[in-house]
Amino acid sequence: MAEKKQRILVVEDEEDILALIQFNLTRQGYEVETAVCGEEALAKIRGQVPDLMVLDLMLPGIDGLEICRQLRSHTTPETAAIPIIMLTARGEEEDVVRGLEMGADDYLTKPFSMKILIARIQTVLRRQTDNPFLCNEEITHGLLSISPGRSLVRVEGERIELTFTEFKVLEALAMRPGWVFTRYQIVNMVRGEDYAVTDRAVDVQIAGLRKKLGPCGLYIETVRGVGYRFQEKI
Ligand code: CA
């Protein structure tokens, strides 16, 4: 029996970009639905929930941020969980931050290569089935190893002493490599453990972490105007 194709809804009002994405994703074996405005996108989602959405933020009428908000806030659990990759124009960092905080999974800035879009789609779809948050297994990246259950970090086998908050920040980032987190999201992930963490204090935590991690500090990448990401490779 043939494996069921994964359905991707692409929402983009620039028709040449839409056609290019549709062509490339279809060639990759995905079933592609398209919409040129927010209203059409929401109608298609109501008809059949896609496995993933590629969503342009700047749309006529209901824009991409509003679509994110609607899907994440007051629809069914099924639509609340649709992975979303946002497309943004240069200089829209604030929108990227808002989009990520509204629950988008990733973003790409135009112009982007189709190869990168496809790689991101594959990564996001893989996350759906492979969630490291569900286990307490050691996370290893090159010379760095993190043992979540034991709050233990080693660089080249040497134990590194981190504060509790530093550990929580590192753990949160490293469990989802390649995933961009805003400062606000990082605060939320460590909140409850240490109420003193504020938005700006995240930068201080990151600076401290990088210093202590030495060569492995490079894993923590600053995403300008947006937040931080744990790189898959350094
Ligand atoms: Ca647009």
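Stretched out fully, how many nm does the piece from Asn188 to Ala207 gain, at 0.36 nm a residue minus the Cα gap?
5.0 nm
Classify region 7-127 as rounded, prolate or oblate, taking a ≥ b ≥ c as the square roots of the eigenvalues of its Cα gyration tensor: rounded when a/c is under 1.5, otherwise prolate if a/b is larger than b/c and oblate if not.
rounded
If the reach is capped at under 12 angstrom between alpha carbons, list the aspartates and glutamates near Lys211, excluding any in the same chain fewer than eight residues apart.
Glu161, Glu166
Is the shape of region 15-58 best called rounded, prolate or oblate, per the rule: a/c under 1.5 gives rounded, else a/b larger than b/c gives prolate, else oblate, with a ≥ b ≥ c the square roots of the Cα gyration tensor eigenvalues?
On the way: a/c = 2.23, a/b = 1.25, b/c = 1.79.
Oblate, because a/c is 1.5 or more while a/b does not exceed b/c.
Need one number: % antiparallel among DSSP beta bridges in the chain, to the nearest 5.
Taking every DSSP beta bridge within the chain, about 50 percent pair in antiparallel fashion.
In whole Hz, with x marking every Gly and Pro, tabulate ³J(HN,Hα) for region 109-117 from phi via Karplus 6.51 cos²θ - 1.76 cosθ + 1.60, θ = phi - 60°.
Each residue's phi maps through the Karplus curve to give 9, 6, x, 10, 8, 4, 4, 5, 4 Hz.
For region 137-234, which GluC sites (Glu not before Pro) are both in a DSSP coil and crowded by at most 13 other Cβ atoms within 10 Å?
Glu137, Glu138, Glu156, Glu161, Glu193, Glu232
Tell me the label-point distance for the pair Thr109, Glu137, using the 7 Å Cα-to-Cβ offset, in nm and rounded to one decimal.
Result for the modelled spin labels: 3.4 nm.
Could you go through region 218-223 in sequence order and give the Karplus-derived ³J(HN,Hα) for each residue, using 6.51 cos²θ - 1.76 cosθ + 1.60 with θ = phi - 60°, rounded to whole Hz, and x for Gly and Pro?
Working through the residues one at a time gives 5, 4, 8, 9, 7, 9 Hz.
Please give the length that would be gained between Ala89 and Glu158 if that part of the chain were fully extended, namely 0.36 nm times their separation in residues minus their C-alpha to C-alpha distance (nm, one decimal). Could you put the intermediate results ahead of the total?
On the way: separation 69, 0.36 × 69 = 24.84 nm, distance 4.31 nm.
Result: 20.5 nm gained on full extension.
Rounded to the nearest 500, what is the chain's calculated 222 nm mean residue ellipticity when only DSSP H runs of at least 4 contribute -39500 (n - 2.57) each, over all residues?
Only helices count here, giving -12000 deg cm²/dmol.
Determine, from the Cβ-Cβ distance of Ala19 and Thr222 and an R0 of 35 Å, the FRET efficiency 1/(1 + (r/R0)^6), rounded to the nearest 0.05.
FRET efficiency, Ala19 to Thr222: 0.50.
Dipole of the chain, Cα-centred, from +1 at each Lys and Arg C-beta and -1 at each Asp and Glu C-beta, to the nearest 20 debye? Show your work: numbers first, answer last.
Working: 29 positive and 36 negative charges, 146 e Å.
For the chain, the charge dipole is close to 700 debye.
The chain: longest stretch without exposed trypsin sites (Lys or Arg not before Pro) (DSSP loop, at most 13 other Cβ within 10 Å), sites themselves excluded?
Of all site-free stretches, the longest is 91-190.
Order by neighbour count: Asp199, Asp51, Asp105, fewest other Cβ atoms within 10 Å first, most last.
The most exposed by this proxy come first: Asp199, Asp51, Asp105.
Each value in this text was obtained by applying a stated rule to the coordinates, not by laboratory testing. On a predicted model such as this, the values are computed, not experimentally measured, just so you know. Note that we place each Cβ from the backbone using ideal geometry, even for glycine, and neighbour counts take in every protein chain shown.
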